[in-house]
Amino acid sequence: TMLAATLGFVKQFLPDWPEWALDVLIIMTGLLLVTGALTSLYVTEEEKQDQEYVKKDGAATTNGAAEAAKSQHELLAKYHGFRFKYVSVYAVIMLADWMQGTHMYTLYMSYGVNVSALFLTGFLSGGIFAPFLGSFVDKFGRKRSCIVYCLLEIAINVMEGYENFTVLMIGRVMGGVSTNLLFSAFESWMTTEHRHQGFPESWLSRTYSQCSIVNGATAIFAGVVAQFLEDFFGHIGPFHGAVGLTTVAMLMILGWKENYGEEQAGDHSKSTIVHQFVEGWKTTIRDSRVWRIGMIQALSEGAMYTFVFMWVPTLLSLEPAGGVPTGCVFSALMMAITMGGLIFPPFQALVKMVLGSEAGSSELCASIVYLVASATMAIPAVLLTPADIESTILGGFASIIASFMVVEMCVGLFMPVAGTLRAHYVPDALQGGILNIFRLPLNAIVVSGTYATNVLPTHVVFQMVCGCFLAAAVLQVTMIEGAMRTGKAKAD
């Protein structure tokens, strides 16, 4: 067939990896290129408005119309500059983070230390510091907190070069703190600054979608760069590269404006860390929408991290011909994430069109994505049961690989919509604190999932992952009606 002939031709120029892995990589590359080409032809509702702003700017005949068009055009140009400033830093930070993640396991293995103990220490540290760290972010300042993150990461990556378990353990404790900062300080700064600049709320999803695409793209690139550095400098090479990248990101952050957890300018100077901490917990407990968003994040991301721990040992246990080239499969999975980020804008627009309004569309988008992820993880949960494992080895391997790709595409889809929902429901004044409170149940699920991968059968762990995604979908569905009712009330 034409597909087989094309695959055979391309394989001549690729490394001598197993045939099944090359097929996956080539197919995913083709799908990514097609997705990119098709989505580039799609014009979102917001982009149509952008084009209208430009048209009005050139065609306005009255002074009032010309002035209004000019104002909209300037706001749009200002937003693009703001988004580029944030996404540029995000790209460098995520590139450095991915470079460490792809080689941390092999580095620790080369030291002959207890790898599980180090990873669990990092998650436990994140859980312990999460309730207090967010209040610090809101009070101390989001920009300063981002700089603290960079300083911590530089120190951690330098410490990774010491073949001493105590030093590595201290680094993992610091890593728990830095991870909380990574997933709260940066997002809090961006959301608050977006509103300070007067940009429309609907434009937040654009930034989150761009971040999802960049996250997948940098992960693919990180695998190549990290391998190059490892070839030249040994297992520690990617960590030295991460030091350089994090330093660059820190210098870029210096150009940001500072913002705080505040209702009005200057409120942060009157509040205390204890006040921020107490108010963050009160808001989370009292507002069911906030704690539901937090639980949805914990369930979905907890399931995602558990899957991350599971995919390598699962594929190895199936003993595919030629083994498992993890770098090759990792790149294919990251392409799937990138595809999810590219698909999100037209997918969101389709959901809006079906609903007939913007209200509730993000909630419905997230519900659909979590349901698809749950259904996808049901495939390995069923195929890897002891009764079916022999038939899986013989013929179900392709189905499991496909399910892994689809669930990663779902990750690329739910990253922007989850970010949009957090920005919508979590108050600016307490965002840093509440985002870190969300990480308490998340870390608990991740620690449980990590432990489960060591003591439970593979199919049972995938059943748990499937259940977490399903629970996230059910919780998200409960928010759709309220969102539509609120949107209708505002319209009236």
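Determine if the stretch 188-208 includes at least one residue that is of a type in the set (Lys, Arg) and in contact with a helix residue (DSSP H, G or I) (Cβ under 6 Å, 6 or more places away or on another chain). Looking for residues that are of a type in the set (Lys, Arg) and in contact with a helix residue (DSSP H, G or I) (Cβ under 6 Å, 6 or more places away or on another chain), one finds none in the stretch 188-208, hence no. Every test in (1) modelled with pLDDT under 85; (2) open to solvent by less than 30 Å² (accessible area, probe 1.4 Å); (3) not small (Gly, Ala, Ser) is passed by Lys270 save one, and that test is (2).
Regarding Val406, is this residue among the β-branched types (Val, Ile, Thr) and either at pLDDT 90 or above or in contact with a Gly (Cβ under 6 Å, 6 or more places away or on another chain) (or both)? Yes, satisfied. Any chance the stretch 182-197 includes a residue that's outside any helix (DSSP H, G or I), closer than 30 Å to His73 by Cβ and in contact (Cβ under 8 Å) with a residue 12 or more places away in the chain? Yes, the conditions are met somewhere in the stretch 182-197. The set of residues in the stretch 198-232 that are open to solvent by 20 Å² or more (accessible area, probe 1.4 Å), assigned to a helix (DSSP H, G or I) and farther than 24 Å from Cys410 by Cα comprises Val225, Gln227, Phe228, Leu229, Glu230, Asp231, Phe232.
Residues that are modelled with pLDDT of 85 or more, open to solvent by 50 Å² or more (accessible area, probe 1.4 Å) and not hydroxyl-bearing (Ser, Thr, Tyr) within the stretch 436-480 comprise Leu456, Pro457, Gln463, Met464, Leu470, Val474, Val477, listed in sequence order. Considered as a group, the residues in the stretch 16-27 that are open to solvent by less than 70 Å² (accessible area, probe 1.4 Å) and assigned to a helix (DSSP H, G or I) include one that is nearest to Met334 (Cα to Cα), and that residue is Leu25. With the structure loaded, tell me whether Thr121 is among the polar types (S, T, N, Q), open to solvent by 70 Å² or more (accessible area, probe 1.4 Å) and in a helix (DSSP H, G or I) or whether it fails that test. Answer is no for this residue. What pairs can you find where one residue is in the stretch 218-242 and of a type in the set (D, E, K, R), the other is not in a helix (DSSP H, G or I), and their Cβ atoms are less than 9 Å apart, with a gap of 6+ or different chains? Qualifying pairs under 9 Å: Glu230/His103; Glu230/Ile236. Within the stretch 407-429, one or more residues are under 27 Å from Arg142 (Cα atoms), touching an Asp or Glu at 6+ places or on another chain (Cβ under 6 Å) and either assigned to a helix (DSSP H, G or I) or not acidic (Asp, Glu) (or both).
Hey, any hits in the stretch 156-164 for a residue that's of a type outside the set (Lys, Arg), crowded, with 19+ Cβ neighbours inside 10 Å and part of a helix (DSSP H, G or I)? Yes, the conditions are met somewhere in the stretch 156-164.
Can you tell me which residues in the stretch 28-41 are among the β-branched types (Val, Ile, Thr), surrounded by 17 or more Cβ atoms within 10 Å (Cβ to Cβ) and at pLDDT 90 or above? Selection gives Thr35 alone. Residues in the stretch 91-108 that are open to solvent by 40 Å² or more (accessible area, probe 1.4 Å) and either modelled with pLDDT of 80 or more or over 20 Å from Val447 (Cα atoms) (or both): 3 in all. Pairs meeting the criteria (first residue in the stretch 113-128 and under 12 Å from Met169 (Cα atoms), second residue open to solvent by 40 Å² or more (accessible area, probe 1.4 Å) and among the polar types (S, T, N, Q), beta carbons under 8 Å, at least 6 apart or on different chains) are Ser116/Asn454; Gly122/Thr179.
When the stretch 346-384 is filtered for residues that are not hydroxyl-bearing (Ser, Thr, Tyr) and not in a helix (DSSP H, G or I), the ones remaining, listed by number, are Gly356, Glu358, Ala359, Gly360, Leu384.
Taking the criterion of being among the hydrophobic types (A, V, I, L, M, F, W, C) and over 18 Å from the mean Cα position of the chain (by Cα), the only residue of the stretch 402-425 that qualifies is Ala402.
The numbered conditions (1) at pLDDT below 95; (2) hydrophobic (A, V, I, L, M, F, W, C); (3) open to solvent by 50 Å² or more (accessible area, probe 1.4 Å) are all true for Leu151 except (1). Of the listed requirements (1) open to solvent by 30 Å² or more (accessible area, probe 1.4 Å); (2) under 20 Å from the mean Cα position of the chain (by Cα); (3) of a type in the set (S, T, N, Q), Ser399 misses just one: (2). Entry remark, the stretch 285-296: residues being over 12 Å from Arg422 (Cα atoms) and either open to solvent by less than 60 Å² (accessible area, probe 1.4 Å) or among the acidic types (Asp, Glu) (or both) number 2 in total. The lone criterion from (1) of a type outside the set (Gly, Ala, Ser); (2) open to solvent by 10 Å² or more (accessible area, probe 1.4 Å); (3) in a helix (DSSP H, G or I) left unmet by His235 is number (3).
The values are calculated or read from the model by the stated rules, or taken from the named source; none is laboratory data. Treat the numbers as computed from the prediction; the structure is a model and nothing was measured. A quick note on method: Cβ atoms are made from the backbone with ideal geometry, for glycine too, and the neighbour counts reach across all protein chains shown. Remember, those area values only see protein heavy atoms, side chains included, never the ligands or the DNA or RNA. Shrake-Rupley method; radii C 1.70, N 1.55, O 1.52, S 1.80 Å.
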